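A quick write-up on the structure given underneath.
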Amino acid sequence: MPTPRIRPPYDADERTQLVGWLDLHRAIIRWKCEGLSEADAHRSLLPTSPHMTMAGLVSHMRWVEHLWFEVLLLGRPAEGPRFDDEPEDADMMVDGVPIAQLLAEYDRQCAVSNEIIADRSLDEVGKHPDFDASAATLRWIMFHMIEETARHAGHMDTIRELLDGEKGYY
């Protein structure tokens, strides 16, 4: 079943709009992967960015959600490939990991993020003592995550068209 891609209502309150736009772009990330073979999901098309594959981008987005909502906002331990003194793109190095698994992990992380968002004021400030970005409010984080997710959805749109000709904005 296709993932619904719904814009928030024009007259919605701020929180509904922020979550709505973020969920829309999350759905586009998932949509761009629908029907991909494992080979295409892991195929590198950019010689200067060999880890920027569809699978790599899904993994990256999972870890970005974790970083901003769990680590920076809540102050939880900085664990995972974005923190293990690994190469810069460690969160995109997913050769051999099925795209279905990566999408399921992304979906679970987005659900955790939405639970965190629902329970907090948009004015709440991050709590992790080791990162300057923890000075951001939840509102700022939401805007940043909309930007980050939309940016990578655009990358995925281009990669998907190069892989098999499939295209579509929304």
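Just checking, which of Ala90, Ala118 is small (Gly, Ala, Ser) and exposed (fewer than 12 other Cβ atoms within 10 Å of the Cβ)?
Numbers: Ala90 fails: exposed (fewer than 12 other Cβ atoms within 10 Å of the Cβ).
When all the criteria are applied, what remains is Ala118.
Residue-by-condition table, conditions (1) touching a Pro at 6+ places or on another chain (Cβ under 7 Å); (2) crowded, with 20+ Cβ neighbours inside 10 Å; (3) over 20 Å from Leu138 (Cα atoms):
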| residue | (1), (2), (3) |
| --- | --- |
| Thr53 | no, yes, yes |
| Trp63 | yes, yes, no |
| Gly96 | no, no, yes |
| Glu105 | no, no, yes |
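If you check Met52 against the conditions, is it in contact with a Ser or Thr (Cβ under 9 Å, 6 or more places away or on another chain), within 21 Å of Gly80 (Cβ to Cβ), touching a residue at least 60 places away in the same chain (Cβ under 8 Å) and part of a loop (DSSP other than H, G, I, E, B)?
On the way: in contact with a Ser or Thr (Cβ under 9 Å, 6 or more places away or on another chain): yes; within 21 Å of Gly80 (Cβ to Cβ): yes; touching a residue at least 60 places away in the same chain (Cβ under 8 Å): yes; part of a loop (DSSP other than H, G, I, E, B): yes.
Answer is yes for this residue.
In the set Ser121, Ser113, which member is hydroxyl-bearing (Ser, Thr, Tyr) and in contact (Cβ under 8 Å) with a residue 40 or more places away in the chain?
One residue alone meets the criteria, Ser113.
Yes or no: Leu72 in contact with a Gly (Cβ under 6 Å, 6 or more places away or on another chain), aliphatic (A, V, I, L, M), buried (at least 20 other Cβ atoms within 10 Å of the Cβ) and assigned to a helix (DSSP H, G or I)?
yes
How many residues, within the range 136-169, are farther than 25 Å from Asp13 by Cβ and part of a helix (DSSP H, G or I)?
13
Can you confirm whether Asp23 is acidic (Asp, Glu) and in contact with a helix residue (DSSP H, G or I) (Cβ under 9 Å, 6 or more places away or on another chain)?
Working: acidic (Asp, Glu): yes; in contact with a helix residue (DSSP H, G or I) (Cβ under 9 Å, 6 or more places away or on another chain): yes.
In short, yes.
State whether the residues of the range 27-48 include one that is in contact (Cβ under 8 Å) with a residue 12 or more places away in the chain, crowded, with 19+ Cβ neighbours inside 10 Å, over 16 Å from Gly154 (Cα atoms) and touching a Cys at 6+ places or on another chain (Cβ under 9 Å).
no
Being part of a loop (DSSP other than H, G, I, E, B) and within 16 Å of Gly126 (Cβ to Cβ) is the requirement here; does Phe83 meet it?
Yes: the conditions hold for Phe83.
Let me spell it out: the conditions are (1) touching a residue at least 12 places away in the same chain (Cβ under 8 Å); (2) closer than 30 Å to Phe131 by Cα; (3) small (Gly, Ala, Ser), and Ala90 meets all of them except one. Which number is the exception?
(1) is the only condition that Ala90 fails.
Laboratory data are not the source of any read-out in this text; all were calculated from the coordinates shown. In this text the structure is predicted, and so the values were computed from the model without any measurement. Ideal geometry is used to build each Cβ from the backbone, glycine not excepted, and the neighbour counts take in all protein chains shown.
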